[in-house]
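Taking it in order: structure first as structure tokens, then the write-up.
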Amino acid sequence: MPGETSFRPDVDDYIGAARVWYMHALQARRFAVRASIMLALVTVGGALIVWDEPDLTYRALFVLGMTGGFIGLITILMLISYALLPRRATRLFHQQRILARDFAFLWNDVGTVSSSTSGTSTIPWGDYHDWAEGRATFLFFFNDQLYQFVPKRVLTPEQLIDLRTSAQAGIVR
């Protein structure tokens, strides 16, 4: 069913979109593969460091300590990055003057139409790379980094369901 809404993004919308993007990136298969490879390298590196150590218990504890330390470090870095997202998103929001305009967002079975005083873009669902839904925002990805967002605050409950259904049906993941 065709839907339409209009909105002027605010900084909270942009922060919400940045949070959804960050969590979407962490849940990507690519992230899991890279993290697993790095973890394996740290584990093998730890084993090589204590290869000549005669005490097997010491070797096992050393490798476990290195692996645990690596996991802890990565977790802390990810949490710091997430905590700093609002600051970074606020700065980026103010740099993008185009976001200070009113937007109209329309969707149907074919795709989406976004328009503002700067222009109009018509995008078939199949041209989107992916989509994600957060607590307060829908994201429609053009690639892994570039997306457009629609705040949920501007959608009625029926529109929320319809937009979600349209994205699920039209965007091949």
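Across segment 68-119, the number of residues qualifying as among the β-branched types (V, I, T), surrounded by fewer than 11 Cβ atoms within 10 Å (Cβ to Cβ) and not assigned by TED's automatic domain parsing to the domain that holds R34 comes to 1. The requirement of being in contact (Cβ under 8 Å) with a residue 12 or more places away in the chain, of a type in the set (S, T, Y) and part of a helix (DSSP H, G or I) is fulfilled somewhere in segment 18-31, by at least one residue. Answer yes or no as to whether G126 is over 16 Å from the mean Cα position of the chain (by Cα) and over 24 Å from Y22 (Cβ atoms). Judged against the criteria, G126 is a match. When segment 66-111 is filtered for residues that are of a type in the set (G, A, S) and either closer than 29 Å to L163 by Cα or without any contact (Cβ under 8 Å) to a residue 12 or more places away in the chain (or both), the ones remaining, listed by number, are G68, G69, G72, A83, A89, A100, A104, G111. When F105 is tested against (1) farther than 16 Å from A17 by Cβ; (2) not in a helix (DSSP H, G or I), only condition (1) is not met. Restricting attention to segment 54-83, the residues being under 18 Å from Q27 (Cβ atoms) and polar (S, T, N, Q) number 2. Looking at A40, A89, just one residue is touching a helix residue (DSSP H, G or I) at 6+ places or on another chain (Cβ under 6 Å) and in a helix (DSSP H, G or I), and that residue is A89.
Counting the residues of segment 1-54 that are surrounded by fewer than 11 Cβ atoms within 10 Å (Cβ to Cβ) and among the aliphatic types (A, V, I, L, M) gives 3. Residues that are touching a helix residue (DSSP H, G or I) at 6+ places or on another chain (Cβ under 8 Å) and among the hydrophobic types (A, V, I, L, M, F, W, C) were ranked within segment 18-34; the one that is nearest to A100 (Cα to Cα) is A18.
The values are calculated or read from the model by the stated rules, or taken from the named source; none is laboratory data. Being a predicted model, the structure only gives us computed values, none of them experimental. Using ideal geometry, Cβ is built from the backbone for each residue, glycine included, and neighbour counts are taken over all protein chains shown.
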